[in-house]
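See below for the structure under consideration.
The numbers here are math on the coordinates, done by the rules we state, and not lab data. Treat the numbers as computed from the prediction; the structure is a model and nothing was measured. Cβ sites come from the backbone with ideal geometry, for glycine too, and all protein chains shown count toward neighbours.
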Amino acid sequence: MCLIAFANDVDDHVLVIAANRDEDYRRATLAAHFWTDAATVFGGRDGVAGGTWLGISTRGRVAAVTNVRRLGASRGRVSRGALCRNFLAGQDAARPYSIAVSRDRAEYGVFNLLVHDGRTLCYVNHVIDEPVTVAAGVHAISNAALNDPWPKVLRAKRALRDALEHPRADLVDALFTMLGSREPADDHLLPDTGYGLDVERELAPVFITSQEFGTRSSTVLLWHRDGRVTFEERSFGPNGTPIGVVRQEFQASIP
């Protein structure tokens with residue numbers, strides 16, 4: 001997943017997430033569902049390593065991960081998706097889990113991880129020694145550190161904040177509109193991750209399209225203070241062709 005815009009502890013929401021997963025179209029993937037081997041977990045599933053990029057448990061646990069774009073970065077011994085899977089199916093609270101991840105972070109290559117246990121939202125990545133407890137408010141991550149001002153990060157934060165503060169339509173639809181933006185960024189605003197200007201241009205939009213790599217799914221997750229959860233995932237094939245929608249509503253416990 002290459003973009004996660006989220007609002008932590010805002011208004012009547014425990015958490016709001018609007019996220020795009022960018023991946024090779026050839027990588028085997030299962031659409032969002034309740035898992036057979038962890039029945040409380042709902043989310044998509046990586047068909048190769050068995051992890052996930054974004055999921056929520058009815059026990060009141062949320063996890064999401066992104067890659068970090070850096071030329072020559074190590075892939076790690078363990079898939080990043082295991083970071084989400086292990087939290088969603090596990091028992092540890094967000095902070096002790098994040099501390100353990102930080103200790104073992106070299107096993108996973110380069111990553112950004114968010115975990116929420118219903119009380120606390122923690123952020124950890126492949127370089128920081130101490131997990132961050134995320135403050136209430138609107139934040140975003142792409143393929144750099146939390147809130148690094150990449151164009152798509154700034155655009156997503158503005159859109160999420162506006163959708164929450166000035167609701168003009170259904171919140172889910174408003175967030176999918178943001179997630180579907182293919183607007184390019186000016187060259188002088190692009191990051192330099194070592195891959196060259198042409199690659200940075202291709203990956204700059206919120207929604208990425210090409211024949212081989214792009215936005216595989218867009219997801220909106222609303223977790224209300226009364227425990228109600230709305231989870232909608234829209235999936236795409238090469239060149240952004242829509243291929244499916246999953247929408248599920250259920251209750252997640254609030255500790």
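Summary table
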| quantity | calculated |
| --- | --- |
| GNM flexibility winner over the chain from LEU222, LEU88, LEU154 (Cα, springs under 10 Å) | LEU154 |
| 25 °C / 0.890 mPa s Stokes-Einstein diffusion coefficient of the range 170-255, Kirkwood radius on C-alpha pairs, µm²/s | 165 µm²/s |
| Three principal axis lengths of the range 3-251 [C-alpha, angstrom, descending] | 44, 44, 33 |
| Additional length obtainable on full extension of the chain from ASP186 to ASP162, 0.36 nm per residue less Cα span | 6.4 nm |
| For the range 179-255 versus the range 66-104, the gap between their alpha-carbon centres in whole angstrom | 20 Å |
| Magnitude of the charge dipole, the chain, Cβ model with Lys/Arg +1 and Asp/Glu -1, debye to 20 | 460 debye |
| MRE, 222 nm, helices only [DSSP H, n ≥ 4, -39500 (n - 2.57), over the chain, to nearest 500] | -6000 deg cm²/dmol |
| LEU121 long-range amide H proximity, modeled H, under 5 Å | VAL134 |
| Dipole magnitude of the range 14-80 about its Cα centre (Cβ charges: Lys, Arg +1; Asp, Glu -1), debye to nearest 20 | 240 debye |
| J(HN,Hα) series, the range 191-208, from Karplus relation 6.51 cos²θ - 1.76 cosθ + 1.60, nearest Hz, glycine and proline x | x, 10, 9, x, 9, x, 5, 4, 5, 4, 5, 5, 9, 6, x, 4, 9, 9 |
| Most to least packed among 67-73, 231-237, 210-216 [average Cβ atoms within 10 Å] | 231-237, 210-216, 67-73 |
| For LEU3, distant residues with modelled amide H under 5 Å away | ASN20, ASP22 |
| Of ALA169, VAL68, LEU54, farthest towards positive along the dipole that unit charges on Lys, Arg, Asp, Glu beta carbons give the range 3-251 | LEU54 |
| Protection-proxy order for peptides 20-27, 34-41, 244-251, each taking the mean of Cβ atoms within 10 Å per residue, highest first | 20-27, 34-41, 244-251 |
